[in-house]
Amino acid sequence: MDEQTLSGVEGPDGRAGTASEAAAEPVAVEGSRAAMVVGEMVTVNQASIGEARATELTLNEGGIARAYAGVIHVTDGGIGIAQADSISLSDSGAGVVLAQRADLSQSSVLLLAARQVSGDVRVLFDLRAGAALGLAFGLTLVAFRLLFGRGTRNGG
């Protein structure tokens, strides 16, 4: 099967593209922007995507706001939210990573929830720290409401 190239919403020259959504296999997005990309094998090179859904997703020097795939590979790129069975990040960053397996090399992740983690990664919150932070926030909120009430009482 020949690879199909998605022009995206805006190309590198600023000219409007032909599509913002694709559902072909395989799909390549290069030097453009797209709202959504869907395909079996999706490759993104120096492009930005709002949402990507794929069986296998590869991102090189680009960004994706939300990525949902069986396998995600990222090199020199960034993902806001990634959900995958397996994810590998190399010299990359991510906001939230939810995965069965995460292989991270010189990468940063804000919140990581994975069953198996390997590699050199800087994680701000892992699953336990995130749960502890959520519990502390919830207890603080309850204490605040008990101390200061919920507003005026008895219609006063």
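Observations on the model:
- Filter result for the condition that a residue is in a strand (DSSP E or B) and in contact with an Asp or Glu (Cβ under 8 Å, 6 or more places away or on another chain), over 104, 98: 104
- Restricted to segment 80-95, and to residues there that are assigned to a strand (DSSP E or B) and in contact with a Gly (Cβ under 7 Å, 6 or more places away or on another chain), the residue that is surrounded by the most Cβ atoms within 10 Å (Cβ to Cβ) is 94.
- The condition (being among the basic types (Lys, Arg) and part of a strand (DSSP E or B)) is satisfied by just one residue among 115, 145: 115.
- The lone exception for residue 55 - which of (1) more than 15 Å from residue 114 (Cβ to Cβ); (2) buried (at least 16 other Cβ atoms within 10 Å of the Cβ); (3) among the polar types (S, T, N, Q) it fails: (2)
- Of all residues in segment 114-129, none satisfies being among the polar types (S, T, N, Q), in contact (Cβ under 8 Å) with a residue 12 or more places away in the chain and surrounded by 15 or more Cβ atoms within 10 Å (Cβ to Cβ).
- Set 52, 65, 82: member being under 11 Å from the mean Cα position of the chain (by Cα), under 16 Å from residue 102 (Cβ atoms) and of a type outside the set (S, T, N, Q): 82
Any read-out appearing in this document is the output of simple, stated calculations on the displayed coordinates, not a laboratory observation. Given the structure is predicted, the values throughout are model-derived calculations rather than measurements. Note that each Cβ is placed from the backbone with ideal geometry, even for glycine, and that neighbours are counted across all protein chains shown.
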